[in-house]
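Nothing in this text is a laboratory measurement; each read-out follows from the coordinates by a stated rule. As the structure is a prediction and not an experimental result, all values here were calculated from the model. Cβ atoms come from the backbone with ideal geometry, glycine included; neighbour counts cover every protein chain shown.
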Amino acid sequence: MRIAIASDHAAIDLKAQLADWLREQGHEVNDLGPHDGASVDYPDYGYALASGVADGAAERGVALCGSGIGISIAVNRNPGCRAALVSEPLSAQLAREHNDANVIALGARLTGPDMAKACVSAFLSTEFGGGRHQRRVDKLTNPSL
């Protein structure tokens, strides 16, 4: 799978660990940065990740910041993205199954590497359930439905 990953400075270490792990799993990873610990603004990286997912350059995205909140808000400003902030695997699974989330957001200050990997694994291995969920997901893009 083609996966875009981005973070802010608070999550740079977790981003590097997840990017390496995803490559080991056989995924194509586009690391959108940052690439050093200098202070950056999470919206810039969230917008870049959202653009890559929305335009199809990546099939899924992994967005990280200190809490996961700020970058998930930035990603969700793009109507082509459905980012879900999760902290455990069941939420990651349900985000895919019920909401067709195409981006997972995690907080590096709140979620350790092993739990983050478990969340990403659940996110990537779960298919969208469709059915009764489809009309709700359609309304996320077109509220007038």
Notebook entry, point to check: How high is the relative contact order of segment 56-116, in percent, with contacts defined as C-alpha pairs under 8 Å that are six or more residues apart?
Noted result: 44 percent
Checklist line | Low-density loop cleavage sites - trypsin sites (Lys or Arg not before Pro) in segment 49-142, where at most 15 other Cβ are within 10 Å (DSSP) | finding: 77, 109
Next item on the list: Note down the relative contact order for the chain as a percent, whole number, built from C-alpha pairs under 8 angstrom at least six residues apart.
Entry: 23 percent
Checklist line | Listed residues 44, 36, 100, most fluctuating in the chain (Gaussian network, C-alpha, under 10 Å) | finding: 36
Next item on the list: Compute the whole-percent fraction of alpha carbon pairs in segment 13-85 spaced more than 20 Å apart.
Entry: 26 percent
Item checked: Pair residue 20, residue 125: separation of 7 Å Cα→Cβ label points (nm) -> 2.2 nm
Next item on the list: Sort segment 42-145 into rounded, prolate or oblate with this rule: let a ≥ b ≥ c be the square roots of the eigenvalues of the Cα gyration tensor; rounded if a/c is under 1.5, and if a/c is not under 1.5, prolate when a/b is larger than b/c, oblate otherwise.
Entry: oblate
Next item on the list: Any chance you could give the angle, 0 to 90 degrees and rounded to 10, that helix 113-125 forms with the longest Cα principal axis of the chain?
Entry: 30 degrees
Check: Taking the radius of gyration and the Kirkwood hydrodynamic radius from Cα positions alone, what is the Rg/Rh ratio for segment 73-114, to two decimal places?
Finding: 0.98
Check: For the chain, what does -39500 (n - 2.57) per DSSP helix run (n ≥ 4), summed and divided by total residues, give at 222 nm, in deg cm²/dmol to the nearest 500?
Finding: -14500 deg cm²/dmol
Check: Going by alpha carbons, how many degrees (0 to 90, nearest 10) lie between the helix axis of 12-24 and the longest principal axis of the chain?
Finding: 70 degrees
Next item on the list: Please give the residues of segment 116-135, grouped as numeric ranges, whose backbone N is less than 14 Å from a label point set 7 Å along the Cα-to-Cβ vector of residue 1.
Entry: 117-129
Notebook entry, point to check: Hey, quick one: spin label on residue 109, modelled 7 Å out along Cα-Cβ, who in segment 63-98 has an amide N within reach, i.e. under 16 Å?
Noted result: 64-73
